[in-house]
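What follows is one structure encoded as C-alpha coordinates, with my remarks underneath.
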Amino acid sequence: MYSGFIALAALLCAERVHGTLFSDPAQLPAHKTYDYIVVGSGPGGSPIAARLSEDPSVNVLIIEAGATGFDFQNVEVPALAPDLQPSSPFDWNYTIVPQPGLNGRAFPYSRGKALGGCTAINWMFWVRCARDDYDKFADITGDKGWSWNSILPLWNKIERLVPPQDGHNTKGEIDPSIHGTHGAINISVHNAPFPTDEPIIRAAEEIGGDFHPIEDYNSGNPLGLAWFQGAIGGGVRNDAATAYLVPALSRKNLDVLIQTQVTKLVQTGVQGGKPVFRGVQFAQSKSAPTHSLTAKKEVILAAGAFNTPQLLLLSGIGPSSDLSKLGIHTIVDSPSVGKNLSDQPVVPLLYGAAQEQDDVFTNLARNQTFFEQSLSQWQTKRQGVLTNAANNQLGFFRIPSNDSVFDGQPDPSPGPTSPHLEYIPFPGTFAFLGPLPPTGFFAPSVVVLLTPTARRSTLS
(Lines give C-alpha, C1' and ligand atoms only; values in the text may rest on other atoms or scores of the structure.)
Protein backbone atom coordinates (compact mmCIF):
# COMPACT_ATOMS: atom_id res chain seq x y z
CA MET A 1 0.00 0.00 0.00
CA TYR A 2 2.43 2.66 1.18
CA SER A 3 5.15 1.93 -1.41
CA GLY A 4 2.84 3.33 -4.10
CA PHE A 5 2.19 6.44 -2.04
CA ILE A 6 5.92 6.96 -1.55
CA ALA A 7 6.68 6.68 -5.26
CA LEU A 8 3.93 9.21 -6.02
CA ALA A 9 5.25 11.60 -3.38
CA ALA A 10 8.75 11.36 -4.81
CA LEU A 11 7.42 12.38 -8.25
CA LEU A 12 5.13 15.17 -7.14
CA CYS A 13 7.11 16.94 -4.40
CA ALA A 14 8.96 19.98 -5.69
CA GLU A 15 12.70 20.29 -5.04
CA ARG A 16 13.37 22.76 -2.24
CA VAL A 17 16.43 24.92 -2.90
CA HIS A 18 18.33 26.71 -0.15
CA GLY A 19 20.60 29.70 -0.87
CA THR A 20 23.79 27.98 -1.95
CA LEU A 21 22.17 24.71 -3.07
CA PHE A 22 22.36 24.42 -6.87
CA SER A 23 20.67 21.82 -9.04
CA ASP A 24 22.47 22.68 -12.30
CA PRO A 25 26.19 23.29 -12.94
CA ALA A 26 25.22 26.34 -15.02
CA GLN A 27 23.98 27.97 -11.80
CA LEU A 28 27.43 27.99 -10.18
CA PRO A 29 28.86 31.51 -9.84
CA ALA A 30 31.07 32.10 -12.87
CA HIS A 31 33.50 34.34 -10.98
CA LYS A 32 34.02 31.99 -8.06
CA THR A 33 37.03 29.72 -7.54
CA TYR A 34 37.10 26.94 -4.96
CA ASP A 35 39.90 26.02 -2.59
CA TYR A 36 38.35 22.61 -1.92
CA ILE A 37 36.08 20.46 -4.07
CA VAL A 38 34.46 17.58 -2.15
CA VAL A 39 33.02 14.71 -4.19
CA GLY A 40 30.13 13.03 -2.35
CA SER A 41 27.90 14.23 0.50
CA GLY A 42 27.62 11.15 2.70
CA PRO A 43 28.98 10.66 6.24
CA GLY A 44 32.46 11.63 5.03
CA GLY A 45 31.74 14.42 2.56
CA SER A 46 29.10 16.42 4.43
CA PRO A 47 31.03 16.81 7.70
CA ILE A 48 34.33 17.66 6.00
CA ALA A 49 32.72 20.25 3.71
CA ALA A 50 30.94 21.84 6.66
CA ARG A 51 34.09 21.87 8.77
CA LEU A 52 36.27 23.33 5.98
CA SER A 53 33.75 26.09 5.38
CA GLU A 54 34.06 27.21 9.00
CA ASP A 55 37.08 29.13 7.72
CA PRO A 56 35.55 32.12 5.89
CA SER A 57 38.76 32.66 3.91
CA VAL A 58 38.28 29.48 1.84
CA ASN A 59 35.60 28.53 -0.69
CA VAL A 60 34.22 24.98 -0.65
CA LEU A 61 32.15 23.16 -3.27
CA ILE A 62 30.52 19.79 -2.62
CA ILE A 63 29.23 17.84 -5.63
CA GLU A 64 26.53 15.19 -5.13
CA ALA A 65 25.19 12.89 -7.85
CA GLY A 66 21.76 12.52 -6.24
CA ALA A 67 18.93 14.87 -5.31
CA THR A 68 17.98 16.03 -1.84
CA GLY A 69 15.64 14.14 0.44
CA PHE A 70 14.26 17.37 1.86
CA ASP A 71 10.45 17.22 2.16
CA PHE A 72 10.29 13.63 0.89
CA GLN A 73 8.42 11.62 3.49
CA ASN A 74 10.05 8.33 2.62
CA VAL A 75 13.40 9.86 3.61
CA GLU A 76 12.22 11.83 6.64
CA VAL A 77 9.88 9.24 8.22
CA PRO A 78 12.04 6.71 10.13
CA ALA A 79 9.74 3.70 9.76
CA LEU A 80 9.60 4.09 5.98
CA ALA A 81 13.34 3.37 5.69
CA PRO A 82 12.79 -0.23 4.47
CA ASP A 83 11.09 1.13 1.36
CA LEU A 84 14.14 3.19 0.37
CA GLN A 85 16.19 0.19 -0.72
CA PRO A 86 16.53 -1.44 -3.06
CA SER A 87 15.14 0.25 -6.19
CA SER A 88 14.22 3.76 -5.12
CA PRO A 89 15.02 7.17 -6.66
CA PHE A 90 17.57 7.69 -3.87
CA ASP A 91 19.49 4.45 -4.54
CA TRP A 92 22.23 3.82 -7.11
CA ASN A 93 20.44 0.47 -7.63
CA TYR A 94 23.59 -1.53 -8.13
CA THR A 95 23.50 -5.30 -8.68
CA ILE A 96 26.29 -7.56 -7.49
CA VAL A 97 27.72 -9.91 -10.12
CA PRO A 98 26.86 -13.61 -9.61
CA GLN A 99 28.66 -14.92 -6.54
CA PRO A 100 30.30 -18.38 -6.59
CA GLY A 101 29.76 -18.73 -2.84
CA LEU A 102 26.02 -18.14 -3.29
CA ASN A 103 25.45 -20.76 -6.00
CA GLY A 104 25.91 -18.16 -8.72
CA ARG A 105 23.19 -15.86 -7.44
CA ALA A 106 23.23 -12.10 -7.95
CA PHE A 107 21.38 -9.59 -5.79
CA PRO A 108 20.71 -5.84 -5.42
CA TYR A 109 23.31 -3.79 -3.56
CA SER A 110 22.00 -0.50 -2.25
CA ARG A 111 24.10 2.66 -2.03
CA GLY A 112 22.65 6.08 -1.29
CA LYS A 113 22.32 8.46 -4.24
CA ALA A 114 21.08 11.52 -2.39
CA LEU A 115 22.33 14.46 -0.42
CA GLY A 116 23.56 12.70 2.71
CA GLY A 117 24.63 9.57 0.80
CA CYS A 118 23.83 6.28 2.46
CA THR A 119 22.76 8.08 5.65
CA ALA A 120 19.69 9.30 3.71
CA ILE A 121 18.50 5.76 2.96
CA ASN A 122 19.97 3.54 5.68
CA TRP A 123 18.10 2.21 8.71
CA MET A 124 19.59 4.81 11.06
CA PHE A 125 21.34 2.32 13.37
CA TRP A 126 23.65 4.19 15.75
CA VAL A 127 26.29 1.61 16.64
CA ARG A 128 29.86 2.09 17.80
CA CYS A 129 32.45 -0.63 17.38
CA ALA A 130 33.46 -2.59 20.47
CA ARG A 131 36.38 -1.56 22.66
CA ASP A 132 38.51 -4.39 21.27
CA ASP A 133 37.83 -3.26 17.69
CA TYR A 134 39.18 0.23 18.29
CA ASP A 135 42.12 -1.00 20.36
CA LYS A 136 43.00 -3.35 17.48
CA PHE A 137 42.90 -0.43 15.04
CA ALA A 138 45.33 1.40 17.33
CA ASP A 139 47.57 -1.66 17.54
CA ILE A 140 47.67 -2.20 13.76
CA THR A 141 48.33 1.45 12.92
CA GLY A 142 50.61 2.19 15.84
CA ASP A 143 48.41 5.23 16.52
CA LYS A 144 46.87 5.43 19.99
CA GLY A 145 44.38 7.95 18.63
CA TRP A 146 42.36 4.98 17.32
CA SER A 147 42.01 3.37 20.76
CA TRP A 148 38.64 3.16 22.51
CA ASN A 149 39.69 5.69 25.16
CA SER A 150 40.75 8.17 22.47
CA ILE A 151 37.75 7.63 20.19
CA LEU A 152 35.01 7.83 22.85
CA PRO A 153 35.30 11.62 23.34
CA LEU A 154 35.00 12.06 19.56
CA TRP A 155 31.83 9.97 19.48
CA ASN A 156 30.43 12.15 22.25
CA LYS A 157 31.43 15.28 20.34
CA ILE A 158 29.24 14.41 17.32
CA GLU A 159 26.21 13.13 19.29
CA ARG A 160 23.20 15.00 20.59
CA LEU A 161 21.18 12.64 22.80
CA VAL A 162 17.53 13.71 22.67
CA PRO A 163 14.49 12.34 24.53
CA PRO A 164 12.06 9.97 22.80
CA GLN A 165 8.95 11.48 21.24
CA ASP A 166 6.54 9.60 23.51
CA GLY A 167 8.33 10.91 26.61
CA HIS A 168 8.78 7.48 28.20
CA ASN A 169 11.31 6.89 30.96
CA THR A 170 14.54 5.68 29.34
CA LYS A 171 16.17 4.40 32.52
CA GLY A 172 17.81 1.05 31.76
CA GLU A 173 17.49 1.61 27.99
CA ILE A 174 20.56 3.81 27.48
CA ASP A 175 23.46 5.13 29.56
CA PRO A 176 23.42 8.94 29.14
CA SER A 177 26.83 9.28 30.80
CA ILE A 178 28.60 7.81 27.75
CA HIS A 179 26.79 9.92 25.15
CA GLY A 180 27.14 13.49 23.97
CA THR A 181 24.43 16.13 24.20
CA HIS A 182 25.71 19.02 22.06
CA GLY A 183 26.81 17.39 18.79
CA ALA A 184 25.44 17.67 15.27
CA ILE A 185 23.66 14.31 15.07
CA ASN A 186 20.46 13.64 16.99
CA ILE A 187 20.29 10.18 18.56
CA SER A 188 17.51 8.61 20.58
CA VAL A 189 16.09 5.30 21.70
CA HIS A 190 12.73 4.15 20.33
CA ASN A 191 10.04 6.83 20.08
CA ALA A 192 7.00 4.55 20.46
CA PRO A 193 6.38 1.00 21.66
CA PHE A 194 6.09 -1.95 19.31
CA PRO A 195 3.85 -4.87 20.34
CA THR A 196 6.87 -7.20 20.20
CA ASP A 197 8.92 -5.20 22.75
CA GLU A 198 7.64 -6.88 25.91
CA PRO A 199 7.99 -10.51 24.75
CA ILE A 200 11.49 -9.88 23.33
CA ILE A 201 12.77 -8.30 26.55
CA ARG A 202 11.04 -10.95 28.67
CA ALA A 203 12.63 -13.71 26.59
CA ALA A 204 16.07 -12.14 27.06
CA GLU A 205 15.54 -12.01 30.83
CA GLU A 206 14.31 -15.62 30.99
CA ILE A 207 16.98 -17.10 28.70
CA GLY A 208 19.87 -15.05 30.08
CA GLY A 209 23.38 -16.18 29.25
CA ASP A 210 24.61 -14.73 25.97
CA PHE A 211 21.13 -13.31 25.38
CA HIS A 212 21.05 -11.34 28.66
CA PRO A 213 19.71 -7.77 28.58
CA ILE A 214 22.27 -4.95 28.73
CA GLU A 215 21.74 -1.25 29.23
CA ASP A 216 23.71 0.19 26.31
CA TYR A 217 25.42 -1.63 23.43
CA ASN A 218 27.54 1.47 22.76
CA SER A 219 29.42 1.07 26.04
CA GLY A 220 32.43 -0.65 24.48
CA ASN A 221 31.09 -4.09 25.40
CA PRO A 222 28.00 -4.67 23.24
CA LEU A 223 27.45 -8.35 24.04
CA GLY A 224 23.82 -9.09 24.91
CA LEU A 225 20.42 -7.65 23.94
CA ALA A 226 19.70 -3.93 24.24
CA TRP A 227 17.29 -1.24 23.14
CA PHE A 228 17.88 0.28 19.72
CA GLN A 229 19.63 3.63 19.32
CA GLY A 230 19.10 5.53 16.09
CA ALA A 231 20.07 8.75 14.29
CA ILE A 232 16.59 10.13 14.89
CA GLY A 233 15.45 13.30 16.60
CA GLY A 234 11.97 14.73 16.97
CA GLY A 235 10.60 11.66 15.19
CA VAL A 236 12.60 12.49 12.01
CA ARG A 237 15.65 10.90 10.36
CA ASN A 238 18.86 12.84 10.98
CA ASP A 239 21.30 12.22 8.12
CA ALA A 240 24.70 13.67 7.27
CA ALA A 241 23.19 16.43 5.13
CA THR A 242 20.60 17.61 7.64
CA ALA A 243 23.11 17.38 10.49
CA TYR A 244 26.07 19.10 8.82
CA LEU A 245 25.26 20.74 5.49
CA VAL A 246 21.90 22.36 6.20
CA PRO A 247 23.19 24.41 9.17
CA ALA A 248 26.14 25.54 7.03
CA LEU A 249 24.20 26.53 3.89
CA SER A 250 23.91 30.12 5.04
CA ARG A 251 27.68 30.51 4.63
CA LYS A 252 28.63 32.39 1.48
CA ASN A 253 31.77 30.29 1.08
CA LEU A 254 29.95 26.92 0.82
CA ASP A 255 28.21 25.83 -2.38
CA VAL A 256 26.41 22.52 -2.87
CA LEU A 257 25.77 21.14 -6.36
CA ILE A 258 23.28 18.26 -6.58
CA GLN A 259 22.08 15.91 -9.34
CA THR A 260 25.55 16.11 -10.87
CA GLN A 261 28.05 13.26 -11.15
CA VAL A 262 31.81 13.70 -11.13
CA THR A 263 33.09 11.50 -13.97
CA LYS A 264 36.83 12.04 -13.86
CA LEU A 265 39.70 13.55 -11.92
CA VAL A 266 42.04 15.64 -14.05
CA GLN A 267 45.80 15.78 -13.55
CA THR A 268 46.88 19.39 -13.12
CA GLY A 269 50.58 18.99 -12.56
CA VAL A 270 53.43 17.11 -10.91
CA GLN A 271 54.77 17.60 -7.42
CA GLY A 272 57.76 15.72 -6.01
CA GLY A 273 57.74 13.52 -9.06
CA LYS A 274 54.13 12.45 -8.47
CA PRO A 275 50.99 13.43 -10.41
CA VAL A 276 48.72 16.03 -8.84
CA PHE A 277 44.95 15.85 -9.42
CA ARG A 278 43.14 19.07 -8.59
CA GLY A 279 40.71 19.09 -11.51
CA VAL A 280 37.28 17.45 -11.81
CA GLN A 281 34.98 16.83 -14.74
CA PHE A 282 31.25 16.46 -14.09
CA ALA A 283 27.92 16.22 -15.89
CA GLN A 284 24.24 15.63 -15.15
CA SER A 285 23.80 12.77 -17.63
CA LYS A 286 25.58 10.96 -20.45
CA SER A 287 24.09 13.35 -23.00
CA ALA A 288 24.53 16.53 -20.94
CA PRO A 289 27.44 18.97 -21.35
CA THR A 290 30.62 18.17 -19.43
CA HIS A 291 31.85 20.85 -17.04
CA SER A 292 35.28 21.26 -15.46
CA LEU A 293 36.64 22.96 -12.34
CA THR A 294 40.02 23.10 -10.68
CA ALA A 295 40.48 23.34 -6.91
CA LYS A 296 43.18 25.71 -5.67
CA LYS A 297 44.13 23.37 -2.81
CA GLU A 298 42.57 19.89 -2.86
CA VAL A 299 39.97 17.59 -4.37
CA ILE A 300 38.58 15.36 -1.62
CA LEU A 301 36.98 12.06 -2.61
CA ALA A 302 34.14 10.94 -0.34
CA ALA A 303 32.00 9.10 -2.87
CA GLY A 304 31.72 5.83 -0.95
CA ALA A 305 33.13 2.32 -1.09
CA PHE A 306 32.02 1.76 -4.71
CA ASN A 307 32.01 5.16 -6.39
CA THR A 308 35.35 6.38 -5.02
CA PRO A 309 37.38 3.50 -6.54
CA GLN A 310 35.28 3.74 -9.72
CA LEU A 311 36.20 7.41 -10.05
CA LEU A 312 39.87 6.68 -9.42
CA LEU A 313 39.86 3.98 -12.11
CA LEU A 314 38.14 6.24 -14.63
CA SER A 315 40.86 8.79 -13.91
CA GLY A 316 43.71 6.38 -14.64
CA ILE A 317 44.50 5.56 -11.04
CA GLY A 318 44.43 1.82 -10.31
CA PRO A 319 45.81 -1.54 -11.42
CA SER A 320 47.39 -0.99 -14.84
CA SER A 321 46.41 -4.51 -15.96
CA ASP A 322 42.72 -3.76 -15.35
CA LEU A 323 42.87 -0.25 -16.77
CA SER A 324 44.48 -1.41 -20.02
CA LYS A 325 41.65 -3.90 -20.58
CA LEU A 326 39.22 -0.98 -20.37
CA GLY A 327 41.23 1.22 -22.68
CA ILE A 328 42.08 3.68 -19.89
CA HIS A 329 45.56 5.21 -19.85
CA THR A 330 47.35 4.48 -16.55
CA ILE A 331 48.63 7.58 -14.79
CA VAL A 332 49.19 5.96 -11.39
CA ASP A 333 49.63 2.19 -11.20
CA SER A 334 48.00 1.42 -7.85
CA PRO A 335 47.14 -2.30 -7.59
CA SER A 336 44.96 -1.96 -4.48
CA VAL A 337 42.33 0.39 -5.94
CA GLY A 338 38.97 -1.40 -6.03
CA LYS A 339 40.32 -4.44 -4.19
CA ASN A 340 39.89 -5.92 -0.69
CA LEU A 341 36.17 -5.14 -0.43
CA SER A 342 34.56 -6.52 2.73
CA ASP A 343 30.93 -6.26 3.82
CA GLN A 344 28.64 -7.87 6.33
CA PRO A 345 26.02 -10.26 4.89
CA VAL A 346 22.44 -10.17 6.15
CA VAL A 347 20.41 -13.37 6.56
CA PRO A 348 16.63 -12.93 7.12
CA LEU A 349 14.76 -15.54 9.19
CA LEU A 350 10.98 -15.49 8.70
CA TYR A 351 8.75 -16.61 11.59
CA GLY A 352 5.00 -16.49 11.99
CA ALA A 353 3.55 -13.91 14.40
CA ALA A 354 1.49 -15.15 17.32
CA GLN A 355 -1.09 -12.41 16.81
CA GLU A 356 -2.00 -10.24 13.83
CA GLN A 357 -1.39 -6.99 15.75
CA ASP A 358 2.21 -8.03 16.44
CA ASP A 359 3.04 -7.57 12.75
CA VAL A 360 3.20 -3.81 12.40
CA PHE A 361 4.88 -3.61 8.99
CA THR A 362 2.71 -6.15 7.16
CA ASN A 363 -0.33 -4.29 8.49
CA LEU A 364 1.11 -1.00 7.21
CA ALA A 365 1.58 -2.57 3.78
CA ARG A 366 -1.85 -4.26 3.54
CA ASN A 367 -4.11 -1.98 5.55
CA GLN A 368 -4.35 1.43 3.90
CA THR A 369 -6.49 2.85 6.70
CA PHE A 370 -3.89 1.90 9.32
CA PHE A 371 -1.11 3.38 7.20
CA GLU A 372 -2.96 6.66 6.61
CA GLN A 373 -3.81 6.97 10.32
CA SER A 374 -0.18 6.32 11.25
CA LEU A 375 1.08 8.81 8.67
CA SER A 376 -1.37 11.45 9.89
CA GLN A 377 -0.15 10.90 13.44
CA TRP A 378 3.43 11.44 12.28
CA GLN A 379 2.57 14.49 10.16
CA THR A 380 0.52 16.32 12.79
CA LYS A 381 2.17 15.29 16.07
CA ARG A 382 5.41 13.44 15.22
CA GLN A 383 4.01 10.54 17.23
CA GLY A 384 3.21 6.87 16.65
CA VAL A 385 4.92 3.84 15.15
CA LEU A 386 6.28 5.77 12.16
CA THR A 387 8.61 7.74 14.46
CA ASN A 388 10.52 4.50 15.08
CA ALA A 389 13.07 2.86 12.87
CA ALA A 390 12.19 -0.66 11.76
CA ASN A 391 13.12 -2.26 15.10
CA ASN A 392 13.34 -1.43 18.80
CA GLN A 393 16.03 -3.91 19.91
CA LEU A 394 19.49 -5.08 18.83
CA GLY A 395 21.56 -8.00 20.04
CA PHE A 396 25.28 -8.71 19.68
CA PHE A 397 26.78 -12.14 20.28
CA ARG A 398 29.95 -14.18 19.96
CA ILE A 399 30.28 -17.68 18.51
CA PRO A 400 31.66 -20.08 21.16
CA SER A 401 35.42 -20.51 20.83
CA ASN A 402 35.09 -24.30 20.51
CA ASP A 403 32.68 -24.08 17.56
CA SER A 404 33.71 -26.04 14.49
CA VAL A 405 33.54 -22.87 12.37
CA PHE A 406 36.97 -22.02 13.75
CA ASP A 407 38.52 -25.35 12.79
CA GLY A 408 41.62 -24.62 10.76
CA GLN A 409 41.30 -20.83 10.99
CA PRO A 410 41.80 -18.22 13.72
CA ASP A 411 39.00 -16.23 15.30
CA PRO A 412 38.59 -13.19 12.99
CA SER A 413 37.41 -10.93 15.82
CA PRO A 414 39.98 -8.75 17.63
CA GLY A 415 39.00 -9.68 21.19
CA PRO A 416 36.42 -10.91 23.70
CA THR A 417 34.21 -7.79 23.60
CA SER A 418 33.95 -7.88 19.81
CA PRO A 419 30.83 -9.68 18.51
CA HIS A 420 30.69 -12.07 15.57
CA LEU A 421 26.93 -11.74 15.02
CA GLU A 422 24.25 -9.08 15.20
CA TYR A 423 20.64 -10.07 15.89
CA ILE A 424 17.77 -7.78 14.79
CA PRO A 425 14.14 -8.67 15.62
CA PHE A 426 11.44 -6.91 13.59
CA PRO A 427 7.71 -6.43 14.27
CA GLY A 428 6.68 -7.54 10.80
CA THR A 429 8.18 -8.03 7.37
CA PHE A 430 8.76 -5.84 4.32
CA ALA A 431 10.03 -6.12 0.78
CA PHE A 432 13.66 -5.59 1.75
CA LEU A 433 13.62 -9.04 3.40
CA GLY A 434 12.09 -10.70 0.33
CA PRO A 435 8.70 -10.80 -1.38
CA LEU A 436 5.82 -10.13 1.01
CA PRO A 437 3.76 -13.31 1.41
CA PRO A 438 0.14 -12.78 0.28
CA THR A 439 -1.29 -14.08 3.55
CA GLY A 440 -0.21 -14.51 7.15
CA PHE A 441 1.52 -12.30 9.70
CA PHE A 442 5.14 -12.45 10.71
CA ALA A 443 7.80 -11.65 13.29
CA PRO A 444 11.03 -12.00 11.33
CA SER A 445 14.58 -11.65 12.58
CA VAL A 446 17.79 -10.85 10.78
CA VAL A 447 21.24 -12.15 11.60
CA VAL A 448 24.25 -10.17 10.38
CA LEU A 449 27.75 -11.64 10.12
CA LEU A 450 29.98 -8.90 11.53
CA THR A 451 33.36 -10.58 11.03
CA PRO A 452 33.48 -11.93 7.46
CA THR A 453 36.85 -13.14 6.18
CA ALA A 454 35.88 -13.04 2.47
CA ARG A 455 37.34 -10.25 0.37
CA ARG A 456 36.17 -9.26 -3.10
CA SER A 457 36.66 -6.47 -5.63
CA THR A 458 34.56 -3.61 -6.97
CA LEU A 459 35.80 -4.65 -10.42
CA SER A 460 33.61 -7.19 -12.19
Q.
Every residue in segment 158-172 that is surrounded by fewer than 19 Cβ atoms within 10 Å (Cβ to Cβ) and part of a loop (DSSP other than H, G, I, E, B), please.
A. VAL162, PRO163, ASP166, GLY167, HIS168, ASN169, THR170, LYS171, GLY172
Q.
Contact list please: Cβ distance under 8 Å, first residue in segment 242-263 and free of Cβ contacts under 8 Å to residues at least 60 places away in the same chain, second residue buried (at least 19 other Cβ atoms within 10 Å of the Cβ), pairs at least six apart or on different chains.
A. THR263/PHE282; THR263/LEU311
Q: Kindly indicate whether ILE151 is assigned to a helix (DSSP H, G or I), of a type outside the set (Gly, Ala, Ser) and surrounded by fewer than 12 Cβ atoms within 10 Å (Cβ to Cβ).
A: no
Q. Out of all the residues in segment 421-441, which are part of a loop (DSSP other than H, G, I, E, B) and of a type outside the set (Val, Ile, Thr)?
A. PHE426, PRO427, GLY428, PHE430, GLY434, PRO435, LEU436, PRO437, PRO438, GLY440, PHE441
Q: Any chance you could count how many residues in segment 173-190 are closer than 18 Å to PRO47 by Cβ and either among the aromatic types (Phe, Trp, Tyr) or part of a loop (DSSP other than H, G, I, E, B) (or both)?
A: 4
(Q) For the list (1) modelled with pLDDT under 95; (2) closer than 30 Å to VAL337 by Cβ, I need the number of the one condition that PRO414 fails. (A) (1)
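For every residue, the table says whether it meets (1) of a type in the set (Phe, Trp, Tyr); (2) closer than 17 Å to CYS129 by Cα; (3) under 21 Å from the mean Cα position of the chain (by Cα).
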{"position": "ASP403", "(1), (2), (3)": "no, no, no"}
{"position": "PRO414", "(1), (2), (3)": "no, yes, no"}
{"position": "PHE430", "(1), (2), (3)": "yes, no, yes"}
{"position": "LEU436", "(1), (2), (3)": "no, no, no"}
{"position": "LEU459", "(1), (2), (3)": "no, no, no"}
Q: Working only within segment 234-252, note down all residues that are modelled with pLDDT of 95 or more and of a type in the set (S, T, N, Q).
A: ASN238, THR242
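Yes or no: SER150 touching a residue at least 40 places away in the same chain (Cβ under 8 Å), of a type in the set (Ser, Thr, Tyr) and touching a helix residue (DSSP H, G or I) at 6+ places or on another chain (Cβ under 8 Å)?
Numbers: touching a residue at least 40 places away in the same chain (Cβ under 8 Å): no; of a type in the set (Ser, Thr, Tyr): yes; touching a helix residue (DSSP H, G or I) at 6+ places or on another chain (Cβ under 8 Å): yes.
Criteria not met by SER150.
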Q: Take segment 194-214 and flag every residue that is part of a loop (DSSP other than H, G, I, E, B) and exposed (fewer than 15 other Cβ atoms within 10 Å of the Cβ).
A: GLY208, HIS212
Q: Would you be able to tell me the number of residues in segment 249-272 that are buried (at least 20 other Cβ atoms within 10 Å of the Cβ) and not in a loop (DSSP other than H, G, I, E, B)?
A: 7
Q. Taking helices (runs of 4 or more DSSP H) that fall entirely within segment 1-82, which contain at least 1 residues that are under 29 Å from ARG366 (Cα atoms) and at pLDDT 95 or above?
A. 73-76
Q) How about segment 312-420: which helices (runs of 4 or more DSSP H) wholly inside it have at least 1 residues that are within 25 Å of TRP227 (Cβ to Cβ)? A) 360-366, 368-381
(Q) For segment 44-83, give me each residue that is farther than 17 Å from ARG111 by Cβ and charged (D, E, K, R). (A) ARG51, GLU54, ASP55, ASP71, GLU76
**Q.** Residue within segment 281-300 that is in a strand (DSSP E or B), among the small types (Gly, Ala, Ser), crowded, with 20+ Cβ neighbours inside 10 Å and assigned by TED's automatic domain parsing to the domain that holds SER46 present
**A.** yes
Q. Is at least one residue of segment 441-449 without any contact (Cβ under 8 Å) to a residue 60 or more places away in the chain, out of contact with any Leu (no Cβ under 8 Å at 6 or more places or on another chain) and aromatic (Phe, Trp, Tyr)?
A. no
Q: State the number of residues belonging to segment 293-307 that are in contact with a Ser or Thr (Cβ under 9 Å, 6 or more places away or on another chain) and either over 16 Å from SER41 (Cβ atoms) or β-branched (Val, Ile, Thr) (or both).
A: 4
Q. On the given criteria, is ASP216 in the same structural domain as ASN149 (by TED's automatic domain parsing), touching a helix residue (DSSP H, G or I) at 6+ places or on another chain (Cβ under 8 Å) and among the acidic types (Asp, Glu)?
A. yes
Q. Among the residues of segment 324-348 satisfying the criterion of being surrounded by 10 or more Cβ atoms within 10 Å (Cβ to Cβ) and of a type in the set (Ser, Thr, Tyr), which is modelled with the lowest pLDDT?
A. SER342
Q. Quick one: which of SER219, SER177 is modelled with pLDDT of 95 or more, within 25 Å of the chain's Cα centre (by Cα) and more than 30 Å from ASP35 (Cα to Cα)?
A. SER219
Q.
Any residue in segment 268-283 that is touching a residue at least 12 places away in the same chain (Cβ under 8 Å) sitting within a Cβ distance under 8 Å of a residue that is surrounded by 18 or more Cβ atoms within 10 Å (Cβ to Cβ) and among the polar types (S, T, N, Q)? List the pairs, counting only those 6 or more apart or interchain.
A. PHE277/SER315; PHE282/THR260; PHE282/GLN261; ALA283/THR260; ALA283/GLN261
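The values are calculated or read from the model by the stated rules, or taken from the named source; none is laboratory data. Predicted model only: the values in this text are computed from it and were never measured. So basically every Cβ, Gly included, is an ideal-geometry build from the backbone, and we count neighbours across all protein chains shown.
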